[in-house]
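I have placed the structure first, in the form of structure tokens, so that the comments after it can refer back to it.
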Amino acid sequence: MSTQLIVKVHLDWTAPGHYDDEHSLPCRLGDGPTKMRDSQDRPCHLKCAEDEIARELYGRGQVLIADERVAPARPRGDR
Ligand SMILES: [Zn+2]
């Protein structure tokens with residue numbers, strides 16, 4: 001009997017800090033422009049971030065709990 005490990009990650013990026021309506025920038029993983037931002041305010045597609053964490057979990061073979069939520073949007077010019 002074989003065992004298959006499936007790692008699926010779903011991030012909640014519904015907070016406004018994960019979306020920059022005004023600037024489309026190259027995804028940090030190099031697959032095109034995006035208006036999405038990761039928890040460190042870097043341009044990143046949601047799916048790219050989910051896949052990256054899934055690969056990391058699979059590679060480590062351990063559970064990692066990542067909190068990707070960001071604080072509520074700050075006023076412009078405060079970054
Ligand atoms: Zn991407």
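The values are calculated or read from the model by the stated rules, or taken from the named source; none is laboratory data. The shown structure was predicted, so the numbers you read here are calculated from the model rather than taken from an experiment. Note: ideal-geometry Cβ built from the backbone for every residue, glycine included; neighbour counts use all protein chains shown.
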Search segment 20-42 for residues that are in a loop (DSSP other than H, G, I, E, B) and pair each with any residue that is near the ligand (Cβ under 10 Å from one of its atoms) and of a type in the set (Gly, Ala, Ser) when their beta-carbon atoms are under 6 Å apart and the residues are at least 6 apart or on different chains.
Asp38/Ala49
Could you grab me the full set of residues in segment 10-35 that are more than 7 Å from the ligand (Cβ to nearest atom), surrounded by 11 or more Cβ atoms within 10 Å (Cβ to Cβ) and closer than 21 Å to Leu57 by Cα?
Leu11, Trp13, Arg28
If the requirement is being on the phi > 0 side of the Ramachandran plot, at pLDDT 65 or above, surrounded by 10 or more Cβ atoms within 10 Å (Cβ to Cβ) and not aliphatic (A, V, I, L, M), which of these qualifies: Asp41, Asp51?
Asp41
